[in-house]
Amino acid sequence: MASPEEPSRIPDLDAAAADLRIDLEVESRRRERWIRHRLAEEATLAGALAAAVGHDVAVQVLTGDRVAGVLAVVGNDVIEMRRHHGTTWVSIDAVTALEVPVALPAAGPALDGARMDEVLDGLAEERTEVVLTLDGGTSVRGVLVAVGTVATVDTGPGGRTAYVPLSAIVSVTRPG
């Protein structure tokens, strides 16, 4: 037969269990905030760019320009942005800020290995009309005809040609 004390212990156990659940939930939330904080502290631009692939983002570049579109590819030294009026490749070294619609983890999928010189080579093989945005903020528009240590651009009538050191290229846009 149960003693008269046992029924009173059950409410005490329920209260203790409820308190323990609350303590565990508080600890879980505190741990989650700490993990998010640590991830934010350890964020890198490369990791954030990789995590942003497939998202509609904007990058600020050292020329002061803002390039917006869907981040399609993150390579070794270049990102590919799909835009309404064409495709733009931006040198990662020229990116001064990344704007995303929601917070992303600091690390994402592995980089695909694309490099700016490879992008330019492909465009030169197709003799593509491009706009090269340069380190000082100026632009060169024309048909990309060759790439070596410089990008050779046929800039228009009269056989005018521009030779642009690859290191001076902030971005290249293929209109269309």
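The values are calculated or read from the model by the stated rules, or taken from the named source; none is laboratory data. Fair warning: this is a prediction, and the values are worked out from it, not measured in the lab. With ideal geometry, Cβ positions are generated from the backbone for all residues, glycine too; neighbour counts draw on all protein chains shown. Heads up: the accessible areas ignore ligands, DNA and RNA and are worked out on the full protein's heavy atoms, side chains in. Shrake-Rupley method; radii C 1.70, N 1.55, O 1.52, S 1.80 Å.
A few remarks follow.
- Counted residue by residue at 0.36 nm each, then reduced by the alpha carbon distance between them, the extension gain from VAL102 to LEU13 reaches 27.7 nm.
- Column: log10 I(q)/I(0), Debye, Cα scatterers of the chain, q = 0.12, 0.17, 0.19 Å⁻¹: -0.64, -1.02, -1.18
- In this structure, GLN60 and ARG141 have a Cβ-Cβ separation that, at R0 = 30 Å, corresponds to a calculated FRET efficiency of about 0.85.
- Surface composition of the chain: carbon plus sulfur atoms contribute 54% of the solvent-accessible area (1.4 Å probe, protein chains only, all chains present).
- Taking Cα atoms only, the orientation of helix 116-125 departs from the longest principal axis of the chain by about 40 degrees.
- Once the Cα atoms are used to define both axes, helix 6-41 deviates from the longest principal axis of the chain by about 20 degrees.
- Within segment 72-176, all pairs of alpha-carbon atoms sorted by distance into 10 Å bins from zero give the percentages 14, 48, 27, 9, 1, 0.
- Cα gyration tensor of segment 44-128 - equivalent ellipsoid semi-axes, whole Å, descending: 21, 14, 12
- Candidates THR88, THR155, THR133: whichever shows maximal mean-square fluctuation once the chain is modelled as a Gaussian network with Cα springs under 10 Å: THR155
- Normalised by the number of residues in the chain, the average gap of Cα pairs under 8 Å and 6 or more apart makes the relative contact order 19 percent.
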